[in-house]
Structure formats: structure tokens, C-alpha cells
Amino acid sequence: MRVLVVDDERSLTDLLKMALRYEGWEIRTAETGRQALDAAREFRPDAIVLDIMLPDIDGMTVLHRLRADGDDVPVLFLTAKDALDDRIAGLTAGGDDYVTKPFSLEEVVARLRGLIRRSSLSGASDSPILSIGDLSLNEDSHEVSRSGVPIELTATEYELLRFLMRNPRRVLSKAQILDRVWSYEFDGKPSVVEIYISYLRKKIDAGRSPMIHTVRGAGYLLKVAEATG
């Protein structure tokens, strides 16, 4: 999955790039409208996150030129503007969705997944089912099960598990988990991650071979449970 992120705020594009890469997507960034047009023609993204206010040509013009070239890539407008007429203008110009700053990373990811799924560009790779060993998570229904046994999770536990399952066998630091699960606006402490990892273990690993592991001094990872006996 390829996503082009266009914004002239470097810190914002770096944050989005990090979050979207955690989803397993390939990310390209651009800081100006002209860079965005060049990147779109070369990179051929499956979706574009496009800021309206850019230093050269604005996002609306970028979108008009893409559509004039016959490119129907889904576009998610990202802007500080929140007036109704701005939203209408963006969607009328051919944009597919609209998110205003400040935003949560989870909202951007969810909107992008919806756009890509509706555009039928993602194919089978965008299945809502995540499976690691005997652990299964449905991103559409939010149902979780292990060995076919349903597991009830809170909203935060679900997002934490989803993040771990989207990054199997990858060590995730507490800082990364805070940024991704609680969003970049959350002024939290690493201890909250420890608490929720503990909650999750009691539900996912209790009475079973453990899948959630602590890597001392580094973070946490999820991997297929090792066979016993």
C-alpha cells in the first residue's frame, strides 16, 4: 500500500510517516504542491493525504491537476481550516474526505483505510482480519478471539493489541506505543503502557502459551506462541 503525505510542516509529515509505516504501508512525503504532483506521477500512490495550505500552489490546485491528468487516487484533505465552506470546497473539488487539525493519528489511519477500501485499490491485502497464530482480530467488527474463543477488550486494549498485531515480531518501544495508541496529543507516562500491557496479557495469554513478550530495556513484541510439550 502506497500513501503520499503532502504538508509543509516537517514535524507533522514525520509523525504521519511514522504512524502509517506502522500500518505496513509505503510512505512518500512532499512539502510543496509541485513536489506533490511530481511524487504522484512517479510514486503512483494508492491514497494521498493533502494539506490545502501549501507554500506554492494550494492543495485544491494540486487536486484539480491530478484529476485533469485522469488520476482518480483517493484524497484525504488535511487542513487547519474548519469552516463549512472550506469543507464543501474541498469535497466539491474532487476530494474524498476531510480531516481538520489537530487530529488523532487513529482517525487519519481509519479514514485512509476506508478510502482505500472503497476505491477497491487495495484488493485482498486490505482484509479486515489480522491473524497471528491462533489469535485473530477483525478491524471492521472489532471482534477478537484466540483459538476461536471470543475475547472482550476495552477500546484502549483493542487499539494496543491491533498495533502489536500489525507489527508482529517487531519490538515496539513505550514511546512508540504512546504515540500510536494514545495519539501524539497524549501527555502520558510510560507506566500507562505497562499497565495496559498487563491488562492485555491477562486476557490474551492467561492459561495459554504467551504471545506478548517484554524485551528488557527496549519494549514489547507480539509473536506466535511457541508449541509446548
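What follows is calculated from the coordinates using simple rules that are stated; it is not laboratory data. Just so it is clear, the model here is predicted, and its values are computed rather than measured. Neighbour counts run over all protein chains shown; Cβ positions are idealised from the backbone, glycine included.
Note on Asp56 and Arg21: their simple-model spin labels are 2.5 nm apart, each label 7 Å out from Cα toward Cβ.
Taking a Cβ cut-off of under 14 Å around Gly70, the surrounding Lys, Arg, Asp and Glu residues balance to a net charge of +1, with basic ones at +1 and acidic ones at -1. Close amide H contacts of Asp97 (hydrogens built in the peptide plane, cut-off under 5 Å, sequence separation of 5 or more or a different chain): Val75, Phe77.
Taking the Cβ of Leu130 as the center, what net charge do the other residues with Cβ under 10 Å away carry, scoring Lys and Arg +1 and Asp and Glu -1? Walk me through the numbers on the way to the answer.
Values: positive: Arg162, Arg166; negative: Glu139.
The answer is +1.
Applying a threshold of 24 Å to the alpha-carbon distances of Lys174/Lys223; Lys101/Lys203; Lys101/Lys223 flags Lys101/Lys203; Lys101/Lys223 as lying beyond it. Fraction of C-alpha pairs exceeding 22 angstrom in region 129-222: 22 percent, rounded to a whole number.
Counting pairs of alpha carbon atoms under 8 Å apart in space and at least six apart in sequence, what relative contact order in percent does region 129-222 give? Here the relative contact order equals 26 percent.
Computed from phi, the 3J(HN,Hα) profile of region 144-153 under the Karplus parametrisation 6.51, -1.76, 1.60 (θ = phi - 60°) reads 10, 8, 9, 6, x, 8, x, 10, 8, 10 Hz, with x in place of Gly and Pro.
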